[in-house]
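These notes concern the structure reproduced below.
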Amino acid sequence: MKTNKINFTVILLGLLTIFSSEIKAQQITLEDYILSYDYNSRKDMKINSSELTILLKENKAQLIDIRFEEEYKSWNMPIAISIPLPNNLSKLDKNKIIVTACPHKDRAIIAMTYLKTKGYNVKYLTDGLIGLAEHLRGNNANDFIKD
């Protein structure tokens, strides 16, 4: 009986090692990310409000407002999750495209780069939260809320 427990423990440790190495394999260093950066990477890191709203409606993306808590409390986008990075990464859904956003895009780019090195499928919102608010006016807001 003791041999079975030892075998089970060895197998379990082996599986954990394999899975943890796969998780680590998804992560890259900042240096590797920069060295492999090309035109496809440049295109892939961006998304605009029009594209984002489609993915949000299809439940394929998660909008992350990376601003400081006091900024979020003073005004926010209710369709975004407030996560001032690097806090609360457990709230991110690895099965979705993570879209980082701030009012313009400067901090969103930094957050996008950080999350990319952590293995997330991530983009930054090119027109920022201000652009998203501008996009979600009138008919666009009505169409987004419907369905």
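Out of region 68-117, which residues are within 16 Å of the chain's Cα centre (by Cα), of a type in the set (K, R) and farther than 25 Å from I34 by Cα?
Listed by number, the list holds a single entry, K91.
Being crowded, with 18+ Cβ neighbours inside 10 Å and either free of Cβ contacts under 8 Å to residues at least 12 places away in the same chain or closer than 18 Å to I83 by Cβ (or both) is the filter here; which residues of region 40-70 pass it?
Hits for region 40-70 are I47, L52, L56, A61, Q62, L63, I64, D65, I66, R67.
Return a yes/no flag: does region 91-104 have any residue that is assigned to a loop (DSSP other than H, G, I, E, B), touching a Leu at 6+ places or on another chain (Cβ under 6 Å) and without any contact (Cβ under 8 Å) to a residue 40 or more places away in the chain.
yes
Going through region 86-110 one residue at a time, which ones are over 16 Å from D44 (Cβ atoms) and surrounded by 17 or more Cβ atoms within 10 Å (Cβ to Cβ)?
L92, A101, C102, P103, R107
Within region 77-84, is even one residue farther than 25 Å from D143 by Cα and either of a type outside the set (D, E, K, R) or touching a helix residue (DSSP H, G or I) at 6+ places or on another chain (Cβ under 8 Å) (or both)?
Checking region 77-84: at least one residue is farther than 25 Å from D143 by Cα and either of a type outside the set (D, E, K, R) or touching a helix residue (DSSP H, G or I) at 6+ places or on another chain (Cβ under 8 Å) (or both).
Of all the residues that make up region 111-147, how many are in a helix (DSSP H, G or I), touching a residue at least 24 places away in the same chain (Cβ under 8 Å) and of a type in the set (V, I, T)?
Of the residues in region 111-147, 3 are in a helix (DSSP H, G or I), touching a residue at least 24 places away in the same chain (Cβ under 8 Å) and of a type in the set (V, I, T).
Condition (residue is of a type in the set (D, E), surrounded by fewer than 18 Cβ atoms within 10 Å (Cβ to Cβ) and at pLDDT below 95) applied to region 122-143: is it met by at least one residue? I'd like the intermediate steps shown before the answer.
Start the filter on region 122-143 by keeping residues that are of a type in the set (D, E), which leaves 127, 134, 143.
Adding the requirement that they be surrounded by fewer than 18 Cβ atoms within 10 Å (Cβ to Cβ) leaves 134, 143.
Checking which are at pLDDT below 95 leaves us with 143.
Scanning region 122-143, I find at least one residue that is of a type in the set (D, E), surrounded by fewer than 18 Cβ atoms within 10 Å (Cβ to Cβ) and at pLDDT below 95, so the answer is yes.
The values are calculated or read from the model by the stated rules, or taken from the named source; none is laboratory data. Model, not experiment: these values are computed from the prediction. All Cβ positions, even for glycine, are placed from backbone atoms using ideal geometry, and neighbour counts span all protein chains on display.
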